[in-house]
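For reference, the structure discussed in these notes is given below.
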Amino acid sequence: MPRTPDSDSRARAQSTLYRSALSIRRLGQAAPLSVSLLLVIILTQALVTIPAQFRIIPQISLGGFLSLFFVVLLIMHFVMRPQVVRETRWPVFMFLLFTAWIAYGFIFYRVTVQGIQNTVVIISSILAFIIAAQVAKSLRAPTRAIVRAVLISIWIPAVMYVLAIPVLGFGHSELFAPRSLAGFLLIGIAIHCGYWRHGSRGDLWLALFLYAVVVLSLSRAAMGMGLGVFILAQIRLNSFAGWFRMIAIIAVAGGIAAFMLMNFEPLRQRFFTGDLSAAVGGVKINTMGRIAAWTAVINSALEAPIVGKGPASSSEALAVLHAGIEQPHNDYLRIWHDYGIIGVMLWFGAFGTMMMACRRQYARFRQWGARETSVGASTLLAQVTLLALMLTDNVLIYFYNMVPIFILSGLVLGSLPHAPLLRRSAA
């Protein structure tokens, strides 16, 4: 019987599947210690910004202490189990180059507590990425349980925030910093939208609830990015129906945004009162001091544009403003200022490599009909969300933003052997 292109493609996919599955012999069953470590780290992120409100010592908050504690645990785990899953090796290598460049900054510039804390978040993210891939590569991997834990850690602060609104009002900051909470909730919106893309209508309603919490937090950038996630989740440009669906979703999203802006008074005040130093289409909007902060960081970065001025030096550049702004609220400017153009190139090379690897895995999941297809879509949406948040926020130094997304990425890249063929033999 002659071979067809479809049968050849299926044979190649099957061959790739079994070649990747060989590493299971080394990893075996998912180690309970690995799973427990990931779950503890994930569920602790439900506290979001609460630990940052308490000080262990004047220089280190409870949040900083937890970050240091977790990075020690992750390093100890990697020392005990130093395997790096084949699908993650190139992204890990690129992230190590980025980390090595940060280490160069510590050698030639002043070491600060904040610089160490910022670096700890990046190292923790890389290690969590490696361990998540190990867990996903193992037989009977608890991938769904880990994704469920991520969602639980997101839903806990969302519900707490909503319940506190009748007492504390819209956009309250007594429990969580609203902008940081909104950025964290965007990860949950991305996960639910990934499942919605692949047929789960219930996840659409869950994503809409989380988006409503983002609106109630009055975080303007997160509101716009949240609408973008809904649009990206339904982009299918290979057919007329796909184009029509995308246009319809954009129209609905634009209508919702306009309605909220015109009829929700707290949101109107958030946009059109205060620091009106920027204009969009001739309409002045509140930038909350970001323009001044960005200008100060850019002027300082131009003094050492190639190699940067060292970890956390962007915060020192903001001290001249005397405006109480401690972070640049743009992580691309942070990377450029602290690590130079070289650091920017290394960051995009590392994160871009991870995204491309996850995109390839997602395509394989769809081809094989694997159960991880929805997780692949969710992870890609979460990665895009992180890149968008970096434009207006400081997510690169937030443990609760970075680590969950890197764990999701590790789960996707480690889940290659769990296409249906191997899934049945391991059941």
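Of note, Leu206 does not satisfy the criterion of being crowded, with 17+ Cβ neighbours inside 10 Å, over 20 Å from Ala377 (Cα atoms) and out of contact with any Gly (no Cβ under 6 Å at 6 or more places or on another chain). Of the helices (runs of 4 or more DSSP H) entirely within the range 43-144, those holding at least 2 residues that are touching a Pro at 6+ places or on another chain (Cβ under 7 Å) and among the hydrophobic types (A, V, I, L, M, F, W, C) occupy 62-80, 89-108. Being open to solvent by 10 Å² or more (accessible area, probe 1.4 Å), touching a residue at least 12 places away in the same chain (Cβ under 8 Å) and under 24 Å from Val40 (Cα atoms) holds for only one residue in Trp155, Trp196, and it is Trp155.
Scanning the range 79-99 turns up at least one residue that is in contact (Cβ under 8 Å) with a residue 12 or more places away in the chain, among the polar types (S, T, N, Q) and surrounded by 19 or more Cβ atoms within 10 Å (Cβ to Cβ). Give the residues of the range 53-73 that are among the polar types (S, T, N, Q) and either in contact with a strand residue (DSSP E or B) (Cβ under 8 Å, 6 or more places away or on another chain) or surrounded by 16 or more Cβ atoms within 10 Å (Cβ to Cβ) (or both), sorted by residue number. Those that are among the polar types (S, T, N, Q) and either in contact with a strand residue (DSSP E or B) (Cβ under 8 Å, 6 or more places away or on another chain) or surrounded by 16 or more Cβ atoms within 10 Å (Cβ to Cβ) (or both): Gln53, Ser61, Ser67. Considering only residues in the range 168-180 that are part of a loop (DSSP other than H, G, I, E, B) and small (Gly, Ala, Ser), the one that is farthest from the chain's Cα centre (by Cα) turns out to be Gly169. Based on what the data block shows, is Gly183 under 24 Å from Ser409 (Cα atoms) and assigned to a loop (DSSP other than H, G, I, E, B)? Taking the combined requirement at face value, the residue does not satisfy it. Residues in the range 352-365 that are surrounded by 20 or more Cβ atoms within 10 Å (Cβ to Cβ) and modelled with pLDDT of 95 or more: 2 in all. Summed over the range 324-338, residues that are closer than 28 Å to Glu87 by Cα and either surrounded by 22 or more Cβ atoms within 10 Å (Cβ to Cβ) or in contact with a Cys (Cβ under 9 Å, 6 or more places away or on another chain) (or both) total 2. On the stretch given as the range 221-245, residues that are open to solvent by 30 Å² or more (accessible area, probe 1.4 Å), in a helix (DSSP H, G or I) and modelled with pLDDT under 80 total 5. Thr49 satisfies every condition listed in (1) of a type in the set (Ser, Thr, Tyr); (2) open to solvent by 30 Å² or more (accessible area, probe 1.4 Å); (3) under 14 Å from Tyr400 (Cα atoms) except (2). The criterion of being of a type in the set (A, V, I, L, M, F, W, C), modelled with pLDDT of 70 or more, surrounded by 16 or more Cβ atoms within 10 Å (Cβ to Cβ) and in a helix (DSSP H, G or I) does not hold for Ala251.
Of the residues making up the range 267-317, those that are over 27 Å from the mean Cα position of the chain (by Cα), modelled with pLDDT under 90 and in a loop (DSSP other than H, G, I, E, B) are Thr273, Gly274, Asp275, Leu276, Ser277, Gly281, Gly282.
The values are calculated or read from the model by the stated rules, or taken from the named source; none is laboratory data. In this text, all values refer to a predicted model and were calculated from it rather than measured experimentally. All Cβ positions, even for glycine, are placed from backbone atoms using ideal geometry, and neighbour counts span all protein chains on display. All accessible areas refer to the heavy atoms of the entire protein, side chains included, with ligands and DNA or RNA removed. Shrake-Rupley method; radii C 1.70, N 1.55, O 1.52, S 1.80 Å.
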